[in-house]
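The values are calculated or read from the model by the stated rules, or taken from the named source; none is laboratory data. Quick caveat: nothing in here was measured; it's all calculated off a predicted structure. For neighbour counting, all protein chains shown are included, and Cβ atoms are generated from backbone atoms with ideal geometry for every residue, glycine included. Just so you know, the surface numbers come from the protein's heavy atoms only, side chains and all, with ligands and any DNA or RNA stripped out. Shrake-Rupley method; radii C 1.70, N 1.55, O 1.52, S 1.80 Å.
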Amino acid sequence: MFKPDKKTVLLLLLLGGVIAGIGYGLYASGLLDLFVNKRHLLSYIKEHRTYATLIFTGLQAVQVVAAPVPGEVTGFVGGMFFGPVWGVVYSTIGLTIGSWVAFMLARLLGRPLVERMVSLETIQRYDYVMKHKGLWLAFLMFLIPGFPKDFLCYLLGLGHMRQRDFLLVSAFGRLLGTILLTMGGTYFRDARYGALFTVVGISLAVILLVMIYRDRIELILQRMAGTLRKDTKDKSPPSE
């Protein structure tokens, strides 16, 4: 039975406050439609220019916590509305907050919550991620397109990784994808279709390659995880 201590209660209250604050900033009818319709999302942000930064950052955070919600639309709109620099900054802040919330929810509430958010097939497929705390491996999984990054936040929360390390990995691991989406939105806004098609073409080519060689990539990552666990055991002091 789950019996939280004082520290856990305080963390849960903090998480609740973060979620409540995001919910308050995003309160509007037809919220789900904002995630899947660039035109509605852009229009909504324009209508609330005073709170545009808060709304956009909150949307990016929510789309991580509510893992099935696609984040490509919000990232693209960030470039259209805020430009290449601030679009990346605000997206990164929102994604990092959302990643931290998902990570801490999994850490505090455990596997029962994760099983509600992540399919059993996904949990079993990436079970090796939860059994080590290798930063390089986790960074690669966030960096490589095609891996379920939002689900990984929950799975890593069940493992042994420290909060500080997770925040660094999730923020910098997502950065390449964030930049590409933001630049795509900026080029679309500025009608620079040649540059837009170049970014889209490169992104699709990378995704296609990952899809073709995904099994091999996952095998390499699994071997890395096994090597990391072995190295950790070898470095541990002998028991007396």
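Answer yes or no as to whether A171 is assigned to a helix (DSSP H, G or I), under 12 Å from the mean Cα position of the chain (by Cα), surrounded by 13 or more Cβ atoms within 10 Å (Cβ to Cβ) and free of Cβ contacts under 8 Å to residues at least 60 places away in the same chain. No; evaluated as a whole, the condition is false for this residue. Please verify whether region 110-132 includes one or more residues that are more than 21 Å from I220 (Cβ to Cβ), of a type in the set (K, R), over 16 Å from the mean Cα position of the chain (by Cα) and open to solvent by 30 Å² or more (accessible area, probe 1.4 Å). Yes, the conditions are met somewhere in region 110-132. For region 102-119, the criterion of being in contact (Cβ under 8 Å) with a residue 12 or more places away in the chain and not in a helix (DSSP H, G or I) is met by at least one residue. Considering only residues in region 196-225 that are open to solvent by less than 60 Å² (accessible area, probe 1.4 Å), in contact with a Gly (Cβ under 9 Å, 6 or more places away or on another chain) and free of Cβ contacts under 8 Å to residues at least 40 places away in the same chain, the one that is nearest to F142 (Cα to Cα) turns out to be V199. Across region 120-162, the number of residues qualifying as modelled with pLDDT of 80 or more, closer than 25 Å to L208 by Cβ, assigned to a helix (DSSP H, G or I) and aliphatic (A, V, I, L, M) comes to 5. Do the conditions hold for Y51, that is, is it over 18 Å from the mean Cα position of the chain (by Cα), surrounded by fewer than 20 Cβ atoms within 10 Å (Cβ to Cβ) and either modelled with pLDDT under 85 or assigned to a helix (DSSP H, G or I) (or both)? When the stated conditions are applied, Y51 passes them.
Taking region 176-195 on its own, how many of its residues are open to solvent by 40 Å² or more (accessible area, probe 1.4 Å) and either within 21 Å of the chain's Cα centre (by Cα) or of a type outside the set (F, W, Y) (or both)? Within region 176-195, residues that are open to solvent by 40 Å² or more (accessible area, probe 1.4 Å) and either within 21 Å of the chain's Cα centre (by Cα) or of a type outside the set (F, W, Y) (or both) number 10.
Being crowded, with 16+ Cβ neighbours inside 10 Å, modelled with pLDDT of 90 or more and within 13 Å of the chain's Cα centre (by Cα): is that true of F166 here? Yes; evaluated as a whole, the condition is true for this residue. Here are the criteria: (1) farther than 30 Å from R116 by Cα; (2) at pLDDT below 85; (3) out of contact with any helix residue (DSSP H, G or I) (no Cβ under 7 Å at 6 or more places or on another chain); (4) β-branched (V, I, T). Tell me which single one T198 does not satisfy. Of (1) farther than 30 Å from R116 by Cα; (2) at pLDDT below 85; (3) out of contact with any helix residue (DSSP H, G or I) (no Cβ under 7 Å at 6 or more places or on another chain); (4) β-branched (V, I, T), only one is false for T198: (2).
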